[in-house]
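**Student:** Starting off with a structure, shown below.
The values are calculated or read from the model by the stated rules, or taken from the named source; none is laboratory data. Note that this is a predicted model, so its numbers are computed, not measured. Using ideal geometry, Cβ is built from the backbone for each residue, glycine included, and neighbour counts are taken over all protein chains shown.
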Amino acid sequence: MEFRNFANISNERKENNIMSNSRNTARLGAELLNEIGSFLADADDNMLRKTIDFIRSQKRKEEKKSHAAPCQYTVEEMKQQAVKRMEECRQGKSLSTEEVMESIKEWL
């Protein structure tokens, strides 16, 4: 039961981050388009080629990073959760491996 509440908190955090990121992304996109417009007015072929190469290299770097799963929590939050879960185990509020395996069978 506690894990569901923890999952709800995590989902709420993700939704808030998505909304905030969307507004920020839109603002930055508009700023980028403005800069590109002024850049194109003055750029020569060599400068355009360098810019294209730079953008492509940045895109490749980001694609490599995106394969790693991002951690949503700070180290302190992870420590707090570990301490909380260990205390719950001491109080008998946990399931044995056998109980977990049985409950998994019910899900399937």
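**Student:** Kindly indicate whether any position in the stretch 34-51 is modelled with pLDDT of 85 or more, in a loop (DSSP other than H, G, I, E, B) and exposed (fewer than 10 other Cβ atoms within 10 Å of the Cβ).
**Tutor:** Checked against the condition, which is being modelled with pLDDT of 85 or more, in a loop (DSSP other than H, G, I, E, B) and exposed (fewer than 10 other Cβ atoms within 10 Å of the Cβ), the stretch 34-51 yields at least one hit.
**Student:** Please go through the stretch 52-98 and pick out each residue that is modelled with pLDDT under 90, closer than 30 Å to PHE39 by Cα and among the acidic types (Asp, Glu).
**Tutor:** Selection gives GLU62, GLU63.
**Student:** Identify, by number, the condition in (1) modelled with pLDDT of 80 or more; (2) aliphatic (A, V, I, L, M); (3) surrounded by fewer than 10 Cβ atoms within 10 Å (Cβ to Cβ) that ALA26 doesn't meet.
**Tutor:** Going through (1) modelled with pLDDT of 80 or more; (2) aliphatic (A, V, I, L, M); (3) surrounded by fewer than 10 Cβ atoms within 10 Å (Cβ to Cβ) one by one, ALA26 breaks only (3).
**Student:** Give the residues of the stretch 56-94 that are outside any helix (DSSP H, G or I), surrounded by 10 or more Cβ atoms within 10 Å (Cβ to Cβ) and out of contact with any helix residue (DSSP H, G or I) (no Cβ under 7 Å at 6 or more places or on another chain), sorted by residue number.
**Tutor:** Residues satisfying the conditions are TYR73, LYS93.
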